[in-house]
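*Asks:* First, the structure itself, so that you have it in front of you.
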Amino acid sequence: MPLIDRPLPELREYRGRNPRPDDFDAYWSEALRELDATPPRPELRPAEVVRAGNVECYDLSFTGVGGARIYAKYLRPHATAAAGTKHPAVLQFHGYSGHTGDWLDKFGWPAEGFCFAAMDCRGQGGRSEDSGQVKGTTLRGHIVRGLDDPDARKLAYRQIFLDTAQLARVVMGFAEVDADRVGCFGASQGGALALACAALEPRLKRSAPVYPFLCDYQRVWEMDYAREAYEELRVFFRNHDPRHEREQAIFTKLGYIDVQHLAPRIKAQVLMFTGLMDTICPPSSQFAAYNKITAPKDMVIYPDFAHEALPGMIDRVFNFMRGL
């Protein structure tokens, strides 16, 4: 098999390259205190876009840090609330710049007895608000949003990571949901958010990240993969630090939103999917996070696949979540 990264035995031992800020734990402890002080004020409205006999569909909105109203699609088995039955729940997070998509492809979950929520990331392709005001460039994406603001709390992904935990809290609070049986999944950015959600909401029981984004930024840069999803790193350096005089400080600040550093907090069982030919989120960056997870975990490897549809992946995720 051709190699685009380290050999697999080395990947299984790789521990990451991007610096971890000295105050990382304090940073996220403070962030969670802010979340604790943010009343979610959830609202459910019957969705008018689709009508179904066996599935109830709702537009869900709730408040995230900074006052932004966050949107999610919420589906549950028909007449669940009236029946008084407690169901497991699954959360889904979408890829970078995207949105939650259509309703119909989510119907399989409530049809099998799950409550299901899919969140629009703030400031991306869906309906969630982006209320953040930051100093410095926002050109090309969320990784660099807030990077030149003196206040590291303005990093965009800090807020998005916290939104995932707020969504979990909201769904766990619904009368029809068994808060002890909640899991999450997603691919690319969604994979990173599935890890971040499990790290910041320790009650989650299962997480299935698929080739997660937002891991080991410095490794991605040094491999010359700062293009496509990571292109904004290249644009940022070219425009704002062309001689890399601040390189160490920049990557250290990115360490606050590097999922590999959140990974040790995860208590949920993890099932990760990785393609060894991935040139968008290179395997080593994904293994940097995976190798730091101390909870029960397994890695499903696709040797010949890149950042693309992985055969059998969603079926395996579904069977994994049936264990909730």
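The values are calculated or read from the model by the stated rules, or taken from the named source; none is laboratory data. Every value quoted in this text rests on a predicted model; they were computed, and no experiment measured them. Counting neighbours? That spans all protein chains shown, and the Cβs are built from the backbone with ideal geometry, glycine included.
*Asks:* Scan the range 42-73 residue by residue and report those that are farther than 14 Å from residue 116 by Cα, within 22 Å of the chain's Cα centre (by Cα) and charged (D, E, K, R).
*Replies:* 69
*Asks:* If you go through the range 277-297 one residue at a time, do you hit one that is closer than 26 Å to residue 204 by Cα, at pLDDT 95 or above, part of a strand (DSSP E or B) and under 18 Å from the mean Cα position of the chain (by Cα)?
*Replies:* Taking every residue of the range 277-297 in turn, at least one turns out to be closer than 26 Å to residue 204 by Cα, at pLDDT 95 or above, part of a strand (DSSP E or B) and under 18 Å from the mean Cα position of the chain (by Cα).
*Asks:* Only one of these is over 18 Å from the mean Cα position of the chain (by Cα) and among the acidic types (Asp, Glu): 308, 247. Name it.
*Replies:* 247
*Asks:* Okay, next question. For the range 243-264, state whether one or more residues are of a type outside the set (Gly, Ala, Ser), surrounded by 17 or more Cβ atoms within 10 Å (Cβ to Cβ) and over 19 Å from residue 20 (Cα atoms).
*Replies:* No: the range 243-264 contains no residue that is of a type outside the set (Gly, Ala, Ser), surrounded by 17 or more Cβ atoms within 10 Å (Cβ to Cβ) and over 19 Å from residue 20 (Cα atoms).
*Asks:* Only one residue in 39, 9 is free of Cβ contacts under 8 Å to residues at least 40 places away in the same chain, within 30 Å of residue 276 (Cα to Cα) and either in contact with a strand residue (DSSP E or B) (Cβ under 7 Å, 6 or more places away or on another chain) or part of a helix (DSSP H, G or I) (or both). Which one?
*Replies:* On the way: 39 fails: within 30 Å of residue 276 (Cα to Cα).
Within the list 39, 9, the selection yields 9.
*Asks:* Only residues in the range 169-187 that are on the phi > 0 side of the Ramachandran plot count as the first member; pair them with residues that are surrounded by fewer than 21 Cβ atoms within 10 Å (Cβ to Cβ) and among the small types (Gly, Ala, Ser), Cβ under 7 angstrom, at least 6 apart or cross-chain, and list the lot.
*Replies:* No pair meets every condition.
*Asks:* Is it the case that the range 301-311 has a residue that's among the small types (Gly, Ala, Ser), out of contact with any Leu (no Cβ under 9 Å at 6 or more places or on another chain) and under 20 Å from residue 92 (Cβ atoms)?
*Replies:* Initially, the range 301-311 is screened for residues among the small types (Gly, Ala, Ser), giving 306, 309.
Filter once more, keeping what is out of contact with any Leu (no Cβ under 9 Å at 6 or more places or on another chain): 309.
Then keep just the ones that are under 20 Å from residue 92 (Cβ atoms); that gives 309.
For the range 301-311, residues among the small types (Gly, Ala, Ser), out of contact with any Leu (no Cβ under 9 Å at 6 or more places or on another chain) and under 20 Å from residue 92 (Cβ atoms): present.
*Asks:* With the condition being within 22 Å of residue 34 (Cβ to Cβ), I'd like the helices (runs of 4 or more DSSP H) fully within the range 176-273 carrying at least 1 qualifying residues.
*Replies:* Qualifying helices (runs of 4 or more DSSP H): 189-200, 247-254, 259-262.
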